[in-house]
Every structure is written in structure tokens, then in C-alpha cells.
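For reference, the structure I am asking about is given below.
The values are calculated or read from the model by the stated rules, or taken from the named source; none is laboratory data. Remember, predicted model here, so these are calculated numbers, not experimental data. Neighbour counts run over all protein chains shown; Cβ positions are idealised from the backbone, glycine included. Keep in mind that these areas ignore ligands, DNA and RNA; they rest on the heavy atoms of the full protein, side chains included. Shrake-Rupley method; radii C 1.70, N 1.55, O 1.52, S 1.80 Å.
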Amino acid sequence: MKLPNIWGPGNLFAFSGLDGPCTYSDSLVGALCGDRIGVIFYTQIKSQLSLVLKQIKDIDYTVVASDMVQAHFTGVNGEKYPFTMLFYAQDTVIGQTTESALPVIFFEEAADAAPETTESVRVYNCGDEYIAFAVNRGEPLVSFAYAVSRVSGQDAADKAAQAMKADIHVEAARKLDFFARLPEAKTNNEDTERLYYKCFSTMKSQVYTPEGKFRSRWTTPDRLPHKRLWLWDSVFHSLGNKHISAGLAYDSIKAVFDTQQEDGFIPHMSSPFESSEVTQPPVIAWGLYELYRHSGNLRILEECYEGLRKYLMWNKRHRDRNANWLFEWKVEEDNAHCRCDECGMDNSPRFDDVQAMDCIDFSCFMANEARMMAKIASVLGRNEDAEFWQECYGKIKAAVNGYLWNDQDRFYYDRLVQGGEWKKVKAVSSFLPLFAGICGPDQAEALVRHLEDPGSFGTELPIPSISLDDPTFGTDMWRGPVWINYNYMISRGLQEYGYRELAQRIIQKTVDVLTFWYAHDGVVYEFYDSTDRVSPSHLNRKSKSLKPYQFQVRMQSIRDYGWSCTLLPAMILESEADGDSH
């Protein structure tokens, strides 16, 4: 087993709800440094735990995971020094090193020593937080603990003192056992194998335990900078999490229903204590049916059916204002950088100079949900419901093909509700009729030609969010870069239509590019360059990227991003199941 071992600046470092209590309110989260062996913790006063190296000439990392780092240092005379640092609890990190690599802490602002400071444990008063740092300089090993408390300095000191008693070898073995329980990735590429386990490690870090409105475990796309739950992200998470456990995958989706309002509305984003006022692409029925196919557990369909029905009917009442079986996103005219939070394609040029539109993506998502609901209702023996949902699917399909298909361009577009003018932006969303089973054979063939055209969507890394020949094409988020969730969905659609070779090429290229940039940068990004010429860290995200990585100043292509990490193993394992390997 080739475990992740590449140090990547910005690599997430956090405790997992799979290992114990891990809450939105109290969990400690950090990111690996770019200029030293250390972690920047995003506490109230940003702090850094790092090593001061003395007479070290080489570093060999054996594990760089989301909750543990292990390495061997080589001294100038050839002597070997072991190093381990890991999360012991949601607010406590422990480590073991040597005198040649001493642990120290720094603060971004002045932090006052608290009265609880003792000779063995130093406690710092950081506003509403207390940070305790304990070091035991034994021979030949040095042990340390770092703990945070919002209760008192004594509480932080007690946590650090207790953690110093832990057997770090036992704790490390527990972390490694997580990897041993995962399905094996059959690959001859060591970097891809390391990426595969790296993705699972990041998936593990996304898991919170119940808190506030969330009655089960729940997941976030990234512990930094977002922290919250997102609707469609949670479903994409479930597609990877099912390979950790079907229970975790179900929790990933079930938590979304904890945010549902009485009228059926489900917000696009929630913390344990508050929610947004817009929704997001409906993919829940698809995710539940996929999980049912994987697990055979009928209960997941039974428990969620009514909530899901209410949500989809809310969409029909509130997002099809002209009652033509085509769906319109709620748009934000005053937000230049996020015209449509609801559709997930925040800054897509589809919404420049925005007006209400009958949207190809929303309509396809609703169509696919309707056909999944027909399947779910049939499994549950709700035959009348199955007929209803099948009828809904047929009406949406007919409306998409009759009104959003442009026969001259041989392409699907959005259309303005007022006046019906075409919104001729060539976007990746226009391939969703493949995913939803909406195309006829001629339309599918036309879409395939667009996908294979090197001047439009057949880029070095397919599939760009905007066509290369569209005047709005660029390198900013949904204005050109590649998003892994769309590659996954469109590949699934291509397979359904019999274009298996093209689907496999897209999947293979996606795996290869993510492997390359993981090997170089040590992280998995939110989106990627369609020309595959530059690191995703250099791509714009609603503005120019910053050097070094400073998401607190301006968000950039997020590192160790949720669905990039969950869908890559899904791509690999599903390809293996089809008889291919990477």
C-alpha cells in the first residue's frame, strides 16, 4: 500500500468525526506550512506549531495524511531521527521528535502568558481561547502536545497534560488502520495510488459529529475556509464515502434533510445553527438511489422519500414560474462575482447581464431526479407515484428538447424567460442532457462531436466549464477551468449512451492530471486548468490568485477540496468494476 507522503502547502490538517467527537464549534483546523515543517492553526489568534531543525541534511516523509504526518530525518553524520505528529482529539495534537528537530509555537499576534503556566506546560491567553503547549525533552526522544480550549487556561493545560500520557505509536497505528480497511486500488502507478489514499484521508477529515440541527454525522466540502454543509456537495461526498462505509454515505445525505423547512425547501448551505435562503442543484434522489444500489438497504429510500418528494415539489412550485416544465435559478443581480449561488456555477458567464432564464442544468437535474424518483417509488411499491414521476420526467425531457435545443448550433442553451431569446454561452452545463438521459441519438452524437473538438471542449484536460472558442473563456473558476463533478456526471451519461471509450478517456485523463498535480503540489484542488499548463494554484478565483496561498485575504482554488477528493476514488473504483484499471 503506497500511502500519501507528499508535503503540500495548504494540505488540510484536522481531526475526523470518524475518530471521536468533532464539532463545528470546537474543532481545531490547520494547514501545512509552505516554508517549514509545521502547521498553521486557524485559532482566534492564528498560531503555528513547527519544528526547528538542527544539522539535518535530508527529510523522508512516509505519511502525509489529513490527521497525521510521519517522517525520518537524516543528520549530517547519517544518523536517523523519527518524527510523528497527529491529532489526538478534536482540539489536541501530539507529537514525538528529537533534539535535532525541536517543536516550537509562534503567534501571529502577541499572546499573553496565562496564570496557569507551569514549568512543563505553557498556556497562552488568546482572547477567547487558551492554547497550551507541553514539551518533554527526554533522551533520545522529545514529546509534545498542543491543545486549545475556549473554557479556561486550566482546561487547555489539563488537555495537554492528559495527551502527553498517550502512546503515540498506538495512536498512529489507529490512523493507519483506516487505510487498511479501504478497498484496494489496482494500479501500477505509485503516484495515483498515493493520490487515491490521499483522497480518502481528506474525505475522512470532512466528517463532523452531530451538533445543533444535525442529528447524524455530516460533511463539509472543506474544513478551511468554508466549514459548513452544502446540499449538492453532500451528495457528491456520499458517492465516495460509500467506499468507506454505507453508513457514512447515508449520513452524508441524511444530514441534508436536517436542514429542510416545513414547506419542503432545502437551503444550499447550513451550519449547525443557521442556513442560507437559496437552494442548490437537486441531485439527492440520484445519490440515494446510487447508495441503495451499492448497499441494498431499502431503509434509506423509505426514510427519505417523503422529504425528497416535498423538496422536488417545492422546486416545481417556486422555480418554474412560467409552468413550462423548465426551471429557473434564483439569480443575484447585485453580486458581480456570484450571480447564481443557487446553481453552483457562481461566476459563470451564463449569468452575465443576468435575467431570469429557463436553464438547461436545473431542468436536467430535475429530469434526472424525476426518473430516479420513479425508480425509487417502484422499489418501494408506490406504483401510482412511480407513474407520476415518470410522467414528470417525460414532460421535462420534451420541454428541454423542444425549447432548449438549438438545431442550428447542434447544442443546448439557456433561454431568457422574457422574450425567449437564446443565451448563447457554450457551457459545460449543456452536456447534462447526457447525464439525465434526455438526448435523442442524434443529439447525443452532436454533443459528442463538441466534446471531441479540440477547438471547443476537447481540451488537453476535458471538460472545460466554458468552451475554448466562446468569447468568455478564461481561467477563472466557472469561466474555463475543469470541475471534477461535471467530468464525473458527463462520463456517466456518455456510458449510458454507449460512448464508453470517450467516457473512459475523460476519466483516465482526469485521474492522470490530478495525479500529476498531487505529485507536484501535494494537494487536491477545487478546479483545474483545462490546458493543463499551470498549477491550479495559479488559476483565478473571482480575482487574481495570491502568492503565497492566503485564503483569508482572498479565496483561491481551494486545496483538498471535497468532491474532487470523493469523486476521484469513485472514478477509479467504478472503472475497475467495468474491467478497466489505472
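If you count, for each residue, the other Cβ atoms within 10 Å and average over each peptide, how do 278-287, 38-47 line up from highest to lowest?
278-287, 38-47
Between Lys2 and Ser152, what is 0.36 nm times their sequence separation minus the Cα-Cα distance? Round to one decimal in nm.
Once the chain is fully extended between Lys2 and Ser152, it gains 49.8 nm.
Region 213-289: percent of C-alpha pairs farther apart than 17 Å?
That tail contains 38 percent of the Cα-Cα pairs.
Same structure again: Kindly report, to the nearest 10 Å², the accessible surface of Glu306 as traced by a 1.4 Å probe over protein heavy atoms only.
80 Å²
Could you give the accessible area per residue of region 48-154, probe 1.4 Å, as a whole number in Å²?
I get 44 Å² per residue for this part.
Which value in Å is the Kirkwood Rh of region 205-361 over different Cα pairs?
Every distinct Cα pair counted, the radius reaches 16.2 Å.
Counting only protein heavy atoms, what percent of the accessible surface of the chain is carbon or sulfur at a 1.4 Å probe?
It is 46 percent, rounded to a whole number.
Just to be sure I understand the curve: with the Debye formula and one point per C-alpha of region 436-542, what is log10 I(q)/I(0) at q = 0.11, 0.14, 0.16, 0.24 Å⁻¹?
Reported log10 I(q)/I(0), two decimals: -0.33, -0.53, -0.69, -1.34.
In addition: With an 8 Å Cα cut-off and a minimum separation of 6 or more residues, compute the relative contact order for the chain in percent.
Once normalised by length, the contact order is 11 percent.
Okay, moving on. If you stretched the chain out fully between Gln44 and Leu141, how much longer would it get, using 0.36 nm times the residue separation minus the C-alpha to C-alpha distance?
Here the segment from Gln44 to Leu141 would lengthen by 31.8 nm.
To the nearest 20 debye, what charge dipole does region 44-132 have about its Cα centre, counting +1 at the Cβ of each Lys and Arg and -1 at the Cβ of each Asp and Glu?
For region 44-132, the charge dipole is close to 400 debye.
Can I ask one more? Considering only Gln55, Thr84, Phe107, whose Cα is most displaced toward the positive end of the charge dipole of region 49-126, charges sitting on Cβ of Lys, Arg (+1) and Asp, Glu (-1)?
Toward the positive end, the furthest listed residue is Gln55.
Whole number please: convex hull volume per residue, Cα atoms of region 121-191, in Å³.
158 Å³
Going by alpha carbons, how many degrees (0 to 90, nearest 10) lie between the helix axis of 190-205 and the longest principal axis of the chain?
It is inclined by approximately 90 degrees.
Whole number please: convex hull volume per residue of the Cα set in region 69-127, in Å³?
About 129 Å³ per residue, rounded to a whole number.
When the dipole is taken about the Cα centre of region 418-550, and only Lys, Arg (+1) and Asp, Glu (-1) are charged at their Cβ, what size is it in debye, to the nearest 20?
Result for region 418-550 is approximately 420 debye, rounded to the nearest 20.
Further question: Please work out how much accessible surface Cys343 shows to a 1.4 Å probe, ignoring ligands, DNA and RNA, in Å² rounded to 10.
Per-residue accessible area (Cys343): approximately 0 Å².
Please arrange Glu384, Glu171, Glu333 by accessible surface area, largest first, computed with a 1.4 Å probe and ligands excluded.
Glu384, Glu333, Glu171
Here is a further query. Please report the orientation-averaged projected area of region 1-130, defined via the convex hull of its C-alpha atoms, in nm².
Averaging across all directions leaves 9.3 nm² for the Cα convex hull.
Cut-off 14 Å, label point 7 angstrom out along Cα-to-Cβ of Glu302: give me the residues of region 372-412 whose amide nitrogen falls inside.
379-382
While we're looking at this one, here's another question. Give me the log10 of I(q) over I(0) for region 254-315 at q = 0.23 Å⁻¹, as the Debye formula computes it from C-alpha points; what are the numbers?
-0.96
When all protein chains stay in place, what accessible area (Å², nearest 10, 1.4 Å probe) is found for Lys310?
Surface accessible to solvent at Lys310 totals approximately 60 Å².
Hey, another quick one. If packing is taken as the mean number of other Cβ atoms within 10 Å per residue, what is the order of 429-435, 98-104, 317-323, 7-13, highest first?
429-435, 7-13, 98-104, 317-323
Top to bottom by accessible area (1.4 Å), largest first, where do Glu262, Glu369, Glu190 land?
The residues order as Glu262, Glu190, Glu369, largest area first.
Treating only the Cβ atoms of Lys and Arg (+1) and Asp and Glu (-1) as charged, compute the dipole magnitude of the chain about its Cα centre; round to the nearest 20 debye.
In debye, rounded to 20, the chain gives about 300.
Let me have the 222 nm mean residue ellipticity of the chain computed from DSSP H runs of 4+ only, each contributing -39500 (n - 2.57), with the sum over all residues rounded to the nearest 500.
After summing the helix terms and dividing by residue count, I get -11000 deg cm²/dmol.
What is region 11-100's relative contact order, in percent, from Cα pairs under 8 angstrom and six or more apart in sequence?
25 percent
Return the lysines within reach of Lys254: Cα separation strictly under 24 angstrom, same-chain partners fewer than 8 residues apart disregarded; answer none if there are no such residues.
Output for Lys254: Lys204, Lys213, Lys227, Lys242, Lys310, Lys316, Lys375.
Return P(r) of region 334-391 (all Cα-Cα pairs; 10 Å bins starting at 0; whole %; ordered from short to long distances).
So the P(r) values, bin by bin, are 22, 33, 20, 20, 5.
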